[in-house]
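Report on the structure given below.
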Amino acid sequence: MQEFHKTNASQSKNEAEFEEIYTNENAFILPNFEKILQDYFNYFAQLPSACLKGIESMEKHSINSISIFDPEILHKVLLDAFDGIKEVFFEEPGKWENLQKKYLDDLDKLFQTTLDQCNGKNTSPVIAPEKNDRRFKDNDWEKNPIFNYIKQAYLLHSKYLQNVISDTNVSEASKRKLVFYLKGILDALSPTNFAFTNPVVIRESLKRKGDNLVEGYQKFIKDQTENGGAFRLPSLDKLNAFKVGKNLAITPGEVIFENEIFQLICFYPQTPTQWQKPLLIVPPWINKYYIFDLRKQNSFIQWNLQNGRSVFVISWVNPDPSYAELSLSDYILKGIDKAIDYIRTSTNNEKINVLGFCVGGVALTSLLAYYSQRRIEKVDCATLLATPIDFNHLNELSIFVCEDQIKILDKHLKTYGVLAGDSMVKMFSSMRANDLIWSNYINHYLLAKETEPLDFLYWNSDTTHLPAKMHLEYLKKFFLGNAFIEKKGFQINKVNIDISKIEIPTFIMAAKSDHIVPWQAAFAATGQLKNTYFVLSASGHVAGVINHPSQNKYCYWINPESKPQSAADWLKGAVENSGSWWLEWEKWMKNKQGPKVEPYQINQKHIIEPAPGRYATQLAPKL
């Protein structure tokens, strides 16, 4: 080992650490060896119980939830793949020969470059990770020839299998599912996820004399027996550091109205005067409203109050099976429309301003179209944040929504009345497994790192159930029917919704790295609504939206030219601006809020309870 390092002129810091560890004869002396063996014995003694708990958790999960890896669909997709591969193999053998030749040539080239690197020569990679792949950022994945070989061999194997799928003669829908399932398997088999093929874990294990592996295994056992079982995402054990109303959602406010669907929360401006027109925020009903009010340093609500706005927020109920027959129209009319009317009456305003996020934005857009078609004037301007308009652009998310999946879901929901909220969390996490699952697995179980609790992770895990009728209607009308673009299929009070009739000024915001609502899906609003202003933020679905200007993070793009015909054309002409899109929105809102007036006073008789209210603090009902 010493001779190898002496021949390598470009010795990295990490290699030096390895050399020191490997050449220090005392490095492998484990203190309290007897205790460590006893710990392992104790943990292995708990393994049968942990496995049983895990199985119980899986059974419970399969009853109360629904998996994106449904056996029926997976079986069908695999049969299609087998037939497609067999067809190509017999009818187009040249394709296989070319694929295999390229694959074997690359492996041979990799072996040669590894030998050259071992001899101290400068080499170029045969294959490199994608730019957004953060798994192999440690220097040893490049500088150490052994780990470099492991990394590139893994990438070559993955590429070969993905090419096999790409050349398979199956339907596009089946092919997309195959690619997703294969990616999930390959992500799980990444060398970064195994203690003896991850240089970071090896260094930490040598440094800590193996204590990190002992502690990690202990955490794994605890997770399977105490913290939610086999489907629980790692690193969420510290989320008990948060409590809604104590250190999350703490902006002072009052619940002034409630019905069976929502509570309406009023927040008062923190300025001597306020803008005349209040703002109503419509959050998604998949999670709680306090994504807009996590903590002081990133609260969108508090920032608006500091800028002189009176803010009202819908806080959706967390439904149990008794809500099974609640429809999407109920959420729109008994929810958003009712809130708008109550605010107009309470503040003596004919029109107010509204803002919707994600699926809340979809419902809000539907209501605005209904208003326009009925010539109802209740809203002066609207803001849509990461709101899908063209559902054909939802990419990976659309993989989970097909006729077969909806049939299975329909059967499930008829039995249980609601879709368990954690189903959505697991689905979204699986779309970015390396970032949201496996990185946590490595930190939690292999490195035994003490991670800081994150407020948005708590919000993400604080789920709400989805009523059966409403959820199925949403999937059928929008995911399958693409109702906004096709302008048919979804009705409110027998009015066929046509969003091209919306004429009020509308601010459209999307996030460039959003994996849930790709920005092109939101950009489609500019070609449908009559009066839009589009802004593209950096980062993803949550971090891109919740980006307080004081953080000085990220950037955003605007295009000062007239409306481009496509998202790609818009981006080509876009101008980058540093900081938060909130500042651009503030400029856009300036002339749409009326004059400054005395702050509104809500009749004390209408106050039900302090914010955040019961609906926000209620945990998802047990199913």
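The values are calculated or read from the model by the stated rules, or taken from the named source; none is laboratory data. Predicted, not measured: the structure shown is a model, and the values here were computed from it. Neighbour counts run over all protein chains shown; Cβ positions are idealised from the backbone, glycine included. We work out accessible area using only protein heavy atoms, side chains counted, and drop any ligands, DNA or RNA first. Shrake-Rupley method; radii C 1.70, N 1.55, O 1.52, S 1.80 Å.
Checking each residue in region 601-613 for being touching a strand residue (DSSP E or B) at 6+ places or on another chain (Cβ under 7 Å) and either over 20 Å from Leu248 (Cβ atoms) or surrounded by 13 or more Cβ atoms within 10 Å (Cβ to Cβ) (or both) picks out Ile602, His606, Ile607, Ile608, Glu609, Ala611, Pro612, Gly613.
On the basis of being farther than 26 Å from Ser439 by Cα, open to solvent by 40 Å² or more (accessible area, probe 1.4 Å) and among the small types (Gly, Ala, Ser), does Ala173 make the cut? Spelling it out, Ala173 is indeed farther than 26 Å from Ser439 by Cα, open to solvent by 40 Å² or more (accessible area, probe 1.4 Å) and among the small types (Gly, Ala, Ser). If you go through region 561-588 and keep only what is of a type outside the set (Asp, Glu), modelled with pLDDT of 90 or more and in contact with a Phe, Trp or Tyr (Cβ under 8 Å, 6 or more places away or on another chain), you end up with Ala567, Trp570, Leu571, Ala574, Val575, Asn577, Gly579, Ser580, Trp581, Trp582, Trp585, Trp588. Of the helices (runs of 4 or more DSSP H) contained entirely in region 145-209, those carrying at least 1 residues that are among the basic types (Lys, Arg), touching a Ser or Thr at 6+ places or on another chain (Cβ under 7 Å) and under 30 Å from Ser398 (Cβ atoms) fall at 172-188.
Taking the criterion of being of a type outside the set (Lys, Arg), open to solvent by 30 Å² or more (accessible area, probe 1.4 Å), farther than 25 Å from Phe300 by Cα and not in a helix (DSSP H, G or I), the residues of region 527-583 that qualify are Gln528, Pro560, Glu561, Ser562, Pro564, Gln565, Ser566, Gly573.
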